[in-house]
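Worksheet for the structure shown next.
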Amino acid sequence: MIRDDQEFIERRIVTGMIVSTDYLQRIQKFWNPALLESPELKIVAGWCMEYFQKYKKAPDSNIQDLYMDALKKGLSKADARYIEELLQDLSDEYGRGTQFNSAYLYDKTIEYFKAREIEKHNEQVQALIQAGEIEKAEQLAVSFQPSIFEDEKLGLDLSKKKETMEAIERAFSNAYAPVVTYPGALGELWNDQLIRGGFVSLLAPEKRGKTFMLLEIGLRGIRQKANVAFFEAGDMTEEQILRRICIYISQRSDKEKYCQERFRSVGDCVLNQLDLCDRADRNCDHGIFDNVPLSEFVQTPHQFVNLEVLQQKYEECPDYEPCDSYGCNERKGTVWLKKVKKCRPLSVVQAKKNVKAFFERYKRR
C-alpha cells in the first residue's frame, strides 16, 4: 500500500511531467516507471513520456485528450476513476509550465528515486534472507550500484552538441517567462524583470511603500498559483507583517481613524479630465477642467493634481467618471478621487475568516 508521503511526491512528479517540458527533458535520462509506487500514476506518467518523445514538449492541457483516448482503448473503471479525480485536482496547473519550478522538483525527484531504488534493492535482499538464501542475499547487498545521478554541476561544455542544443532550447523557452505578471503599463514595465533567476530591488526612502509593494507582489503571486516565500530581515516583527497581510487581504484597516469616510485616489487620464478625448468607449462625455490646454496641464501639474483642487472638482462634477481604458495607447495617466464610505475597523474574527478564505481559494493542490 502506498504511503501518504509517497503519493504526495509522486503526484508532484506527475504534475511536473504534465506541465513542464524542461522537467521532462531533464528526467528522461534516468526515467524508470518501476520506481513509482502508484499504478495509476505510472499510467499517467507513461502518457506524458510517450507524448514528450513524440512531440518534444509536455502535454499540458492535452492530457485530457490522452485520458479520453485511453478510455476508448479500454482503461479499467478503477484506474479511470482515480485518474479522472487526479486530473480534476491538477486542472488549475495546466498552462503553468512557465511558472512551474522544474529545478526544485527535479532535485526532489532525484532524492525520491534514489530512496526508492535503495528500498527496492533492500526488499530483494530481505526476500532472499526470508527464503534462507543468506549467501545470495549477502552478494546482492554488496553489489548495489545506483543508477540515478544528478546533472553535472560543472557548467556547460559547448563542444557537446546535444547538451548545448538542449541548453539553448531551455534558455530561449524559459529565460524570460515571468513568474508573476501584471496587466497594462505596469506589466510592460516589469513583467520581463519578474522572472525566475531575476533579481529585482525596490529602493526608496522610508515610508514610501516598499514593503507594501513587496507584499502586493507576493500575494499576487499566490493568486497566480506561484510558490511564494517572504523573508523579513528585521525591519518589522512577524506580528507586524501578518497584520499587514490581513489588512491587505481584507482591504480594510484595523484602526478606526482609517475607517472614516474619506477620499482615495484612483487612476484617470489627463485627456479625459481636459475633455480632449473622443474615444467611443469613454466613460463620460465631459471633463472637469474647462478650456485648459494640455501644455498648461503638463507644465504645471501641481495646480491641477492636488487634493484641494480635486475635492472641489469632485463636488462640482458629481457625475464625472474617470477613464479606465487601460488599453488605450493615447492614455496619459493622472489621478481622480473616489469617496469611500465609513466602515467598521477590521476585527480579529473577520481577519481570520478573510485570510482562511483567501488561502482556501488560491491554495496549491
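What to note about this one:
- Flag for PHE289 being assigned to a helix (DSSP H, G or I), open to solvent by less than 30 Å² (accessible area, probe 1.4 Å) and of a type outside the set (Val, Ile, Thr): no
- Scope region 61-77; condition within 12 Å of TRP47 (Cα to Cα) and not in a helix (DSSP H, G or I); matching residues: none
Residues are listed down the side, and each one gets a yes or a no for (1) at negative phi; (2) modelled with pLDDT under 90; (3) not in a loop (DSSP other than H, G, I, E, B):
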site	(1), (2), (3)
PHE8	yes, yes, yes
ILE13	yes, no, yes
PHE30	yes, yes, no
GLU50	yes, no, yes
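- Filter pass, LEU294 being surrounded by 11 or more Cβ atoms within 10 Å (Cβ to Cβ) and under 21 Å from ARG262 (Cα atoms): no
- Members of region 251-277 that are assigned to a loop (DSSP other than H, G, I, E, B) and either out of contact with any Leu (no Cβ under 7 Å at 6 or more places or on another chain) or more than 27 Å from GLY184 (Cβ to Cβ) (or both): GLN251, ASP254, LYS255, CYS259, GLN260, GLU261, ASP275
- Count of region 336-355 residues which are touching an Asp or Glu at 6+ places or on another chain (Cβ under 8 Å) and surrounded by 15 or more Cβ atoms within 10 Å (Cβ to Cβ): 3
- Qualifying residue in region 322-329 (condition: farther than 15 Å from ASN283 by Cα and charged (D, E, K, R)): no
- The set of residues in region 311-330 that are over 23 Å from ALA185 (Cα atoms) and either open to solvent by 70 Å² or more (accessible area, probe 1.4 Å) or in contact (Cβ under 8 Å) with a residue 40 or more places away in the chain (or both) comprises GLN311, GLN312, TYR314, GLU315, GLU316, PRO318, ASP319.
- Taken over region 197-244, the criterion of being open to solvent by 90 Å² or more (accessible area, probe 1.4 Å), touching a residue at least 12 places away in the same chain (Cβ under 8 Å) and either touching a His at 6+ places or on another chain (Cβ under 6 Å) or under 25 Å from ALA171 (Cα atoms) (or both) is satisfied by ASN227 alone.
- Looking only at region 259-283, residues that are more than 32 Å from the chain's Cα centre (by Cα) and open to solvent by 80 Å² or more (accessible area, probe 1.4 Å) come to 6 in all.
- Candidate set: region 200-226, residues that are outside any loop (DSSP other than H, G, I, E, B) and hydrophobic (A, V, I, L, M, F, W, C); chosen: the one farthest from ASN101 (Cα to Cα): PHE212
The values are calculated or read from the model by the stated rules, or taken from the named source; none is laboratory data. The structure presented is a predicted model; accordingly, all values stated were derived computationally and were not measured. Positions of Cβ are generated from backbone atoms using ideal geometry, with glycine treated the same way; all protein chains shown enter the neighbour counts. These accessible areas exclude ligands, DNA and RNA; they are computed on the full protein's heavy atoms, side chains included. Shrake-Rupley method; radii C 1.70, N 1.55, O 1.52, S 1.80 Å.
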